[in-house]
Amino acid sequence: MSSRKRDKPLNSQITAPWAEPLAPEVPAAASLISIENIHLPPQQPRHYFDSHAMKELVSSVRQHGLLQPLLVRPLSSGGYELVAGERRFRAAREIGLAEVPAVVRELSHQEALQFTLIENLQREDLNPVEETEGILQLLSLRLDNSGEEVISLLYRLENESKGKVTRNVTGNEITEQIEKVFDSIGTMSWKSFVRNRLPLVKLPQEILEALREGKIAYTKASAIAKVKDEPARRELLDEALAQDLSLSQIKERIQSLLPPSQTETDSESLPHRLKVAYQQIKKSKVWSDPKKRKQLEKLLTQLEALTKESEPVG
């Protein structure tokens, strides 16, 4: 007998967590479905689950059961694919529930993935890396472009908005699509995303992983990422995590890692600074002011003394 015929309806509702044009809000009745007939999708937007939060959820489900149904879609091969509610599904499976409440919706693979992405992006505990990756995935689906193409497009739109490049004839239409996606998420604008989140994708992999797992703050991670030498960067990251270094402590260690050539730039710029200072003094005619003239004479005397000290003896 098919598992779908045994599904028992519950008095429950689930609404689509996205805004137009992704899908309207549609109430649906939930059914009890065998947990063995529910399968995780092959493409999972979320990869990290906070262990402490999961323990709390498992405890809640053990005590109260699943208060909100899962969302699943029927598979042509039989059974169902989980669309929304992975944390609840994992908690139910961990405590050994045989059946779980779920709403069955007929969704295509792309619709299901978009639904999953939107649900994840509206979670309060989503970390910046997962949020950035999820938004890029959602934009990639909506615009039918690869992730790299989406990133290039966003940077181009930003440059267009600043007048740095000529506006593309299709810019308005694409911008509208992008704005609709960010409206459906409801957490930030696309301009804010470009400024504050896109730089994340350029971070080294080990730093991305530490951010994804909530082990380090973004400000500390971005500072460590400036260390180009990979072994030194990894060592500093490990030290920052083990000792919970502050941002100022991290910057101090980064400064000590700089090669001598980088610390010599100030001395190399002195001749240029002296030349500029002379030109400014000549232009401003500070010697016309008695007080400033006296200060200038004093400084000049000091400079002359310095030059005599540096002259070779013999």
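The values are calculated or read from the model by the stated rules, or taken from the named source; none is laboratory data. What you see is a predicted model; the values in this text were computed from it and never measured. Cβ sites come from the backbone with ideal geometry, for glycine too, and all protein chains shown count toward neighbours.
Miscellaneous remarks
- Of the residues making up the stretch 84-108, those that are modelled with pLDDT under 90 and within 21 Å of Glu131 (Cα to Cα) are Ala84, Gly85, Glu86, Arg87.
- Verdict on Glu124 being under 28 Å from Val83 (Cβ atoms), modelled with pLDDT under 85 and surrounded by 13 or more Cβ atoms within 10 Å (Cβ to Cβ): no
- Some residue of the stretch 185-206 being surrounded by 13 or more Cβ atoms within 10 Å (Cβ to Cβ), touching a residue at least 24 places away in the same chain (Cβ under 8 Å), within 30 Å of Ala92 (Cα to Cα) and not assigned by TED's automatic domain parsing to the domain that holds Val83: yes
- Residues within the stretch 130-179 that are part of a helix (DSSP H, G or I), at pLDDT 80 or above and exposed (fewer than 15 other Cβ atoms within 10 Å of the Cβ), tallied: 9
- Any hit, the stretch 42-54, residues being under 13 Å from Arg93 (Cα atoms) and modelled with pLDDT of 90 or more: no
This table checks each residue for (1) touching a strand residue (DSSP E or B) at 6+ places or on another chain (Cβ under 9 Å); (2) closer than 29 Å to Ala210 by Cβ; (3) in contact (Cβ under 8 Å) with a residue 60 or more places away in the chain; (4) not charged (D, E, K, R).
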| site | (1), (2), (3), (4) |
| --- | --- |
| Arg93 | yes, yes, no, no |
| Leu113 | yes, yes, yes, yes |
| Leu141 | no, yes, no, yes |
| Glu148 | no, yes, no, no |
| Ile151 | no, yes, no, yes |
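- Of all residues in the stretch 184-210, those that are part of a helix (DSSP H, G or I) and at pLDDT below 85 total 2.
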